[in-house]
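Step one of this worksheet: look at the structure below.
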Amino acid sequence: MILVLASLRDLSLDRLKAERGQFWPLLETFVFAEILKLASGMEERFEFSHFRDKQQNEVEIFIEERRGRIVGIEVKAAATVSKSDSSGLRMLAEASGDRFVSGFVLYDHQNVIPFGERLYAVPFSALWR
């Protein structure tokens, strides 16, 4: 699917490999579409948004359910992650208080890595499991 989106932008596979900055927006769009697809099959409805605070910390995908509970998702086009990759999620958790359920950094690897309370790095493949 990412290659379909890339071809619509005249981006070849070779160019995507050479210019990783071109890949990230396509990956984020793909992940968002997959999450929307999963949510559409559920009875409950969710609101999707983007989070950014005054210090410019951000979370790409912010999901809120009708009772106000929140999940944040970061998308990283990398096979490694560090604690700093969850900084936006930490700020979202702080801003949301008890409404924050969990935060996930989706990345290109197979291991689930805990980053602290209710924060995890999770492989992209978790979208289909």
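Only the coordinates and a few stated rules stand behind these numbers; no lab work does. Nothing here was measured: the structure is a model prediction, and the numbers come from that model. Cβ placement follows ideal geometry from the backbone for every residue including glycine, while neighbour counts extend to all protein chains displayed.
Enter the angle in degrees (range 0 to 90, nearest 10) between the Cα long axis of helix 20-40 and the first principal axis of the Cα atoms of the chain, meaning the one along which they spread out most.
50
Considering only lysines 8 or more places apart in sequence, or on different chains, count the pairs in the chain whose C-alpha atoms sit under 24 Å apart.
For the chain, the number of qualifying lysine pairs is 4.
Show me, for the stretch 79-92, the HN-Hα J-couplings you get by feeding each phi into the Karplus relation (A = 6.51, B = -1.76, C = 1.60, θ = phi - 60°), rounded to Hz, glycine and proline as x.
So the Karplus estimates, Gly and Pro as x, are 8, 10, 9, 10, 4, 5, 5, 9, 4, x, 5, 5, 5, 4 Hz.
Could you pull out every residue, at least 5 positions away or on a different chain, whose amide H is within less than 5 Å of the one on Ala121? Hs are placed 1.01 Å off N in the peptide plane, and Pro or chain starts have none.
For Ala121, whose amide H was placed from the backbone, the distant partners under 5 Å are Val105, Ile113, Phe115.
Take the Cβ-Cβ distance between Thr29 and Asn57 as r, set R0 to 22 Å, and report the resulting FRET efficiency rounded to the nearest 0.05.
0.55
Arrange the peptides 97-110, 54-67 so that the one whose residues have, on average, the most other Cβ atoms within 10 Å appears first.
Top of the packing list down: 97-110, 54-67.
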